[in-house]
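As structure tokens, the structure follows; a few thoughts come after it.
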Amino acid sequence: MQKFVTKQIAILGSTGSIGRNALRVIETLGPHYQVTALSAHNNVRLLARQAERYKPECVAVTNPDRVESFRDLNPDPDIEILAGPEGLIQIAELEGVDTVITAVVGAAGLPAVLAAARKGKRLAIANKEPLVIAGELLKKETQINGAAILPVDSEHSAVFQALQSGRHEEVERIILTASGGPFRQASAEEFENVTLEQALAHPTWDMGPKITIDSATMMNKALEIIEAHWLFDMPVEKIEVLIHPESIVHSLVEFVDGSVIAQLGEPDMCLPIQYALTYPARVAGIAPRLRLEEMGKLTFEKPDLQMFRALPLAYDVARTGGTAAVVFNAANEAAVEEFLAGRIKFVNIIELIEHCLDKHDVKTTVSLEELLEADAWARREVTSLACSV
Ligand code: MG
């Protein structure tokens, strides 16, 4: 009889969209998949409900000011509470945990992701930042310590699945699909005057506000180019972007013989989350079934590189290497925050990113400290400039 070792899972960022879906997936996978640790930054109300339902051994509340509220909401003495950013690292390192789902928005989760890699865990990476800003460092730690990286990002999960049809050296190109966001067909003038409300209304994917804005600027896809470059050890010249508004073909791989292998599915995160947990096995789950006959037609087009300047910029950033990507990402995070707060215009986001990249003095050899320093510099730069636009 086959023995199944129970998987113990930590979710970094369990109250966000990915974290909530991950819990639904784990619940349907049965008793061999256990929730060992959860974390949240501010939403302790939901974290308390999740802790009550899934009975983790510990939770991390990364905002220290919210720890007391969590304790009030969930006084269960069997749940250990870890506080502050350090708490996130501690749950990523927990002895019993073998799989860490990383779904913390932005660069904040990086030290915890690196810590999990150093402990040889399986990393189901849902947020692109760790690979984008510290791809080199993370790949190194993963290899040295026998950790594994499984992509949860839908496009990268698709590429990962398609890549199983051939060998690394047989890949001609990776084609990442993109919905194109809500402004795919906008005129230059409409683009200039995009409101917050318009930018937050994504046509096919239901995601958190930061990623929804990134999808509208196509910064999301720009970051995914760099993510794919590290994840699949592929030069950026071999990575292309194709607009596919229906979001059914999640990405494709073309091999040297001309064969193109694609992965298709409903736009829903449950499947990529589940595959990262059960790989190399496939099991029945809650992902909605694709009915192509109901789709009618699937369309594809080239992206407008003049309108979506983040895309060509991503290739430059990847070729430059070093601290360029951390500045690219941090400037965007800070600019999106300014936009969400109503302090800058939609088009200012990319202008601020370009400004930071122009002004930044790129360092080629990078440590975590240097990465975090460049990250903080870009954020300061954006915040001070945002006051003057
Ligand atoms: Mg994606």
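Observations, loosely collected:
- Listed by position, the helices (runs of 4 or more DSSP H) contained in the range 289-358 that have at least 3 residues being open to solvent by 30 Å² or more (accessible area, probe 1.4 Å) are 292-295, 310-320.
- Restricting attention to the range 130-174, the residues that are in a loop (DSSP other than H, G, I, E, B) and under 27 Å from His244 (Cα atoms) add up to 4.
- Hits in the range 168-212 - residues which are within 14 Å of the ligand (Cβ to nearest atom), on the phi < 0 side of the Ramachandran plot, touching a residue at least 60 places away in the same chain (Cβ under 8 Å) and open to solvent by less than 20 Å² (accessible area, probe 1.4 Å): Ile174, Ile175, Leu176, Thr177, Ala178, Ser179
- Of all the numbered requirements in (1) open to solvent by 20 Å² or more (accessible area, probe 1.4 Å); (2) in contact with an Asp or Glu (Cβ under 7 Å, 6 or more places away or on another chain); (3) under 21 Å from Thr278 (Cβ atoms), Arg118 misses one, and that requirement is (3).
- Residue in the range 249-261 that is within 15 Å of the ligand (Cβ to nearest atom), part of a helix (DSSP H, G or I) and at pLDDT 95 or above present: no
Residues are listed down the side, and each one gets a yes or a no for (1) within 16 Å of the ligand (Cβ to nearest atom); (2) closer than 21 Å to Val326 by Cβ; (3) touching a Pro at 6+ places or on another chain (Cβ under 8 Å); (4) β-branched (Val, Ile, Thr):
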site	(1), (2), (3), (4)
Asp76	no, no, no, no
Ile79	no, no, yes, yes
Leu88	no, yes, yes, no
Glu95	no, no, no, no
Ile144	no, no, no, yes
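- Meets criteria (of a type in the set (Gly, Ala, Ser), within 14 Å of the ligand (Cβ to nearest atom), within 22 Å of Leu305 (Cβ to Cβ) and out of contact with any Gly (no Cβ under 8 Å at 6 or more places or on another chain)) for Gly265: no
- Meets criteria (open to solvent by less than 10 Å² (accessible area, probe 1.4 Å) and within 20 Å of Ser165 (Cα to Cα)) for Ile239: yes
The values are calculated or read from the model by the stated rules, or taken from the named source; none is laboratory data. If you're wondering where the values come from, they're calculated on a predicted model, not measured in any experiment. Note: ideal-geometry Cβ built from the backbone for every residue, glycine included; neighbour counts use all protein chains shown. All accessible areas refer to the heavy atoms of the entire protein, side chains included, with ligands and DNA or RNA removed. Shrake-Rupley method; radii C 1.70, N 1.55, O 1.52, S 1.80 Å.
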